[in-house]
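Working notes for the structure below.
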Amino acid sequence: MFRASIPNLLSYIRILLSPLFFLTFLNGQIIFSLIILVTAGITDVLDGWIARKMGAYSNIGAYIDVVSDFIFILVCFLAYVIRGWYDPLILILIVLTFILFIATSGLKKPVYDPVGKYLGGYLMVMILIPLIFSEPYLRQILVDLLIILSSCSIISRLTLFIRYKKNISR
């Protein structure tokens with residue numbers, strides 16, 4: 001039982017890191033924000049690795065992981081929007097992608113979408129790169145790539161969902 005809680009604990013740490021990133025970033029403490037982001041990334045990698053290695057994975061753990069990623073990513077982008085680094089519409093895109101994930105997964109078991117997994121990783125990269133290179137043109141390139149990747153993720157997710165529903169009805 002304890003081993004199943006380790007990955008979840010690491011996911012909860014990401015949630016706790018969210019307001020720290022928000023505050024350090026808005027106070028101009030970019031180095032601390034970068035350290036918090038790297039720590040969040042490490043907890044994200046570790047929780048999945050530990051869950052697989054120890055056989056401590058569960059459907060609820062998978063949701064906790066996704067929700068903690070979503071909270072962390074959303075809070076980081078909110079800070080960026082407040083600072084004027086990204087357009088506020090990016091928050092709507094992130095929220096809609098998360099809602100689509102929940103709507104197509106149901107509540108029993110998340111539907112694995114390989115493109116969506118890359119989208120989450122890409123969003124973390126979109127948070128990281130501006131902390132290191134703050135040029136506006138680079139952020140615009142990142143947004144353009146996000147639109148392309150989000151479109152691919154939405155198509156992939158809906159395709160998997162439709163296939164899943166057809167297999168159930170047979």
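The values are calculated or read from the model by the stated rules, or taken from the named source; none is laboratory data. These numbers come from a predicted model, not from an experiment. Virtual Cβ from ideal backbone geometry, glycine too; neighbours counted across all protein chains shown.
Based on this model, can you work out whether residue 118 counts as at pLDDT below 90 and assigned to a helix (DSSP H, G or I)?
Yes, satisfied.
When both residues are 6+ apart or on different chains and their Cβ atoms are under 7 Å apart, which pairs have a first residue that lies in the range 135-160 and is closer than 14 Å to residue 85 by Cα, and a second that is assigned to a helix (DSSP H, G or I)?
Taking only residues 6 or more apart or on different chains, the pairs are 138/129; 139/130; 142/126; 142/129; 143/90.
Somewhere in the range 135-147, is a residue surrounded by 17 or more Cβ atoms within 10 Å (Cβ to Cβ), within 27 Å of residue 39 (Cα to Cα) and under 17 Å from the mean Cα position of the chain (by Cα)?
Scanning the range 135-147, I find at least one residue that is surrounded by 17 or more Cβ atoms within 10 Å (Cβ to Cβ), within 27 Å of residue 39 (Cα to Cα) and under 17 Å from the mean Cα position of the chain (by Cα), so the answer is yes.
Can you name the condition, by its number, that residue 104 falls short on among (1) touching a helix residue (DSSP H, G or I) at 6+ places or on another chain (Cβ under 6 Å); (2) over 22 Å from residue 13 (Cβ atoms); (3) at pLDDT 85 or above; (4) of a type in the set (Ser, Thr, Tyr)?
Single failed check for residue 104: (3).
Criterion first (in a helix (DSSP H, G or I), modelled with pLDDT of 95 or more, more than 20 Å from residue 161 (Cα to Cα) and not polar (S, T, N, Q)) does residue 20 satisfy it?
yes
With respect to residue 51, is the statement that it is over 30 Å from residue 85 (Cα atoms), modelled with pLDDT under 90 and either crowded, with 18+ Cβ neighbours inside 10 Å or acidic (Asp, Glu) (or both) true?
Judged against the criteria, residue 51 is a match.
Which residue, of 71, 31, 35, is hydrophobic (A, V, I, L, M, F, W, C), touching a residue at least 24 places away in the same chain (Cβ under 8 Å) and either farther than 30 Å from residue 140 by Cβ or in a helix (DSSP H, G or I) (or both)?
71
Go over the candidates 42, 15 one by one and state the one that is of a type in the set (A, V, I, L, M) and within 15 Å of residue 70 (Cα to Cα).
Testing whether each residue is of a type in the set (A, V, I, L, M) and within 15 Å of residue 70 (Cα to Cα) leaves just 15.
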